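J.: To start, I am sharing the structure in question, which I have written as structure tokens.
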Amino acid sequence: MYCNACGKAIAEDARYCAYCGSVLGSFPAPKKMMRSRTDRTVAGICAGAAHYLNLDVTLVRLMWVLITIVSGIFPGVIVYALAWVIVPEEPLALPAYASGQPVGNP
């Protein structure tokens, strides 16, 4: 494998060039907690947390209800409302148009 910046030969599994120090390839983007648009019951907080933690949505909802009941109804509702305001909603996924098709009105 060769460095795109300096052209020197480097190891296949290298993340940085040993000669010029440039970053090779791209790093995966960090996961972000977002409210779900598609799998929501009220605001998508539990579904967003489930996707972030790689858990089943029903399990997270049941745990949320259990924790809310055990701690008293008021704190659970307040935390949910704060999360509704603070946690961003996931971006709207628009369908991609195939090339050659008109995008505007016919």
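The values are calculated or read from the model by the stated rules, or taken from the named source; none is laboratory data. Not measured: the values here are computed from a predicted model. Glycine also receives a Cβ, built like all others from the backbone with ideal geometry; neighbour counts cover every protein chain displayed. For the accessible areas, the whole protein counts, side chains as well, though only heavy atoms, and no ligand, DNA or RNA atoms are used. Shrake-Rupley method; radii C 1.70, N 1.55, O 1.52, S 1.80 Å.
J.: How large a share of the accessible area of the chain, in percent, is made up of carbon and sulfur atoms when the probe is 1.4 Å and the other protein chains stay in place?
T.: 64 percent
J.: Arranged from highest to lowest average of other beta-carbon atoms within 10 Å per residue, in what order do the peptides 45-56, 30-41 appear?
T.: Highest-to-lowest ranking by the protection proxy: 45-56, 30-41.
J.: Kindly report the accessible area of the chain per residue (heavy atoms of protein chains, probe 1.4 Å, no ligands, DNA or RNA), in Å².
T.: Accessible area per residue: 79 Å².
J.: Can you tell me the alpha carbon radius of gyration of the stretch 1-51 divided by the globular rule-of-thumb value 2.2 N^0.38 Å? Don't skip to the answer; put the middle values down first.
T.: On the way: Rg = 19.8 Å, N = 51, 2.2 N^0.38 = 9.8 Å.
Rounded to two decimals, the normalised Rg is 2.02.
J.: Under the Kirkwood approximation for Rh and a Cα-based Rg, what ratio Rg/Rh is obtained for the chain?
T.: Across the chain, the Cα-based Rg/Rh ratio is 1.24.
J.: Hey, what do the phi angles of the stretch 69-81 turn into as Karplus ³J(HN,Hα) couplings, whole Hz, using 6.51/-1.76/1.60 and θ = phi - 60°, x for Gly and Pro?
T.: Result, ordered by residue: 5, 5, 7, x, 4, 4, x, x, 5, 5, 5, 5, 5 Hz.
J.: Which FRET efficiency, nearest 0.05, do Leu24 and Val77 yield, Cβ-Cβ r, R0 35 Å?
T.: Calculated value: 0.10.
J.: Amide H to amide H, which residues 5 or more places from Tyr16 or on other chains are under 5 Å from it, using H placed in the peptide plane?
T.: Leu24
J.: With θ set to phi - 60° and the Karplus curve 6.51 cos²θ - 1.76 cosθ + 1.60, what are the ³J(HN,Hα) couplings of the stretch 35-50 in order, to the nearest whole Hz, using x for Gly and Pro?
T.: Per-residue couplings from phi come out as 6, 6, 8, 9, 10, 10, 9, 10, 10, x, 5, 5, 5, x, 5, 5 Hz.
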